[in-house]
Amino acid sequence: MSNLQVRNVPAELHERLRRHARERNRTMSAIVLCAVERELERWEWQERLAQHPTTDLGVDAATIIAEERARRDRELG
């Protein structure tokens, strides 16, 4: 397993990490590793998403959502 050292962490960020770790009964290392893993997964997901072709719905997505909400409201109302 490799080591990673982070230097020049602002005091406020360090304190926030410390409190976050303490409240979750975890080490700061575990909290940081989890955050890094989450960020990398998000980045990898965005990379995969960018590889997918775009889909033309023929209408703006906001219009579709508004129409669906209006339909739902009519059915419920």
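Remark: Arg38 matches the filter, which requires a residue to be at pLDDT 95 or above, assigned to a helix (DSSP H, G or I) and surrounded by 10 or more Cβ atoms within 10 Å (Cβ to Cβ). Among residues of region 2-25 that are under 14 Å from Val36 (Cα atoms), those with a Cβ under 7 angstrom from a residue that is surrounded by 10 or more Cβ atoms within 10 Å (Cβ to Cβ), sequence gap 6+ or separate chain, pair up as Leu17/Met28; Leu17/Ile31; Leu17/Val32. Flag: Arg26 does not match the condition of being basic (Lys, Arg), under 19 Å from the mean Cα position of the chain (by Cα) and either exposed (fewer than 10 other Cβ atoms within 10 Å of the Cβ) or at pLDDT 95 or above (or both). Checking each residue in region 45-77 for being in a helix (DSSP H, G or I) and open to solvent by less than 80 Å² (accessible area, probe 1.4 Å) picks out Ala50, Ala61, Ala62, Thr63, Ile64, Ala66, Ala70.
The values are calculated or read from the model by the stated rules, or taken from the named source; none is laboratory data. What you are looking at is a predicted structure, and each value in this text was computed from that prediction instead of being measured. Here the Cβ is made from the backbone with ideal geometry for all residues, glycine too, and neighbour counts use every protein chain on show. Surface accessibility is based on the protein's heavy atoms, side chains included, excluding ligands, DNA and RNA. Shrake-Rupley method; radii C 1.70, N 1.55, O 1.52, S 1.80 Å.
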